[in-house]
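So the structure is just underneath, and the comments pick up after that.
The values are calculated or read from the model by the stated rules, or taken from the named source; none is laboratory data. The shown structure was predicted, so the numbers you read here are calculated from the model rather than taken from an experiment. All Cβ positions, glycine included, derive from the backbone under ideal geometry; neighbour counts span all protein chains shown. Remember, those area values only see protein heavy atoms, side chains included, never the ligands or the DNA or RNA. Shrake-Rupley method; radii C 1.70, N 1.55, O 1.52, S 1.80 Å.
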Amino acid sequence: MDIPIIMPNLGNEIDEAQIDEWFKTEGEMVTEGEQLVLITTPKVTMEIEAPATGILKKILIPADELAAVGSTLGIIET
């Protein structure tokens with residue numbers, strides 16, 4: 001089953017964030033709750049956790065790209 005990694009809502013005035021770094025590469029095992037990706041906005045830098053345990057199947061938005069709130073950053077295959 002594929003589980004999406006979703007860009008969270010970061011506040012009323014923030015529509016997008018930059019993907020700074022993926023801590024895993026495609027094909028690597030991830031554990032639910034593990035820090036997976038670092039994002040930055042003008043007001044905050046934060047890490048997004050893996051929503052499930054499985055294999056990081058696909059990174060849809062790579063490092064140094066912008067991602068809109070609600071967009072799918074990657075896919076975990078459970």
Regarding segment 14-24, can at least one residue be identified that is closer than 16 Å to residue 54 by Cβ and either of a type in the set (Asp, Glu) or open to solvent by 80 Å² or more (accessible area, probe 1.4 Å) (or both)? no
Which one of the conditions (1) without any contact (Cβ under 8 Å) to a residue 24 or more places away in the chain; (2) of a type in the set (A, V, I, L, M); (3) open to solvent by 50 Å² or more (accessible area, probe 1.4 Å) does residue 1 fail to meet, given that it meets all the rest? (1)
